[in-house]
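Engineer: Quick one: the structure is below, questions incoming.
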Amino acid sequence: MSCTTCSRVLQVLDRYPAGDPRGDLKASHAAAQARQNTGQPAHVHYSPTQDAYLVVIGEQR
C-alpha cells in the first residue's frame, strides 16, 4: 500500500520497533513534535521489512 500523504520519503527522523506495545503511539508523538518544531510535514510509515514505525518527512503529493 502506498502512502496517501507523500510520494516518496525524503528523510527518516526516527525509528520505533513494532514489537514495542506503544511503538506506534511513540512514533505518532514524535511526528507531531517534529511538525511543531520544524514546520515540516512529518508523519509515520510502517516498514514491514524493518518491522518498525518510521517517523518520516516525505515529498508532498
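The values are calculated or read from the model by the stated rules, or taken from the named source; none is laboratory data. In this text, all values refer to a predicted model and were calculated from it rather than measured experimentally. Backbone-built Cβ (ideal geometry, glycine too); neighbour counts: all protein chains shown. With ligands, DNA and RNA removed, areas are computed over all heavy atoms of the protein, side chains included. Shrake-Rupley method; radii C 1.70, N 1.55, O 1.52, S 1.80 Å.
Engineer: Please enumerate the residues belonging to the range 4-20 that are open to solvent by 100 Å² or more (accessible area, probe 1.4 Å), more than 8 Å from A52 (Cα to Cα) and modelled with pLDDT of 95 or more.
Structural biologist: Those that are open to solvent by 100 Å² or more (accessible area, probe 1.4 Å), more than 8 Å from A52 (Cα to Cα) and modelled with pLDDT of 95 or more: none in the range 4-20.
Engineer: Among the residues of the range 39-55, what is the count of those that are open to solvent by 60 Å² or more (accessible area, probe 1.4 Å) and either polar (S, T, N, Q) or in contact with a Phe, Trp or Tyr (Cβ under 9 Å, 6 or more places away or on another chain) (or both)?
Structural biologist: Result for the range 39-55: 4.
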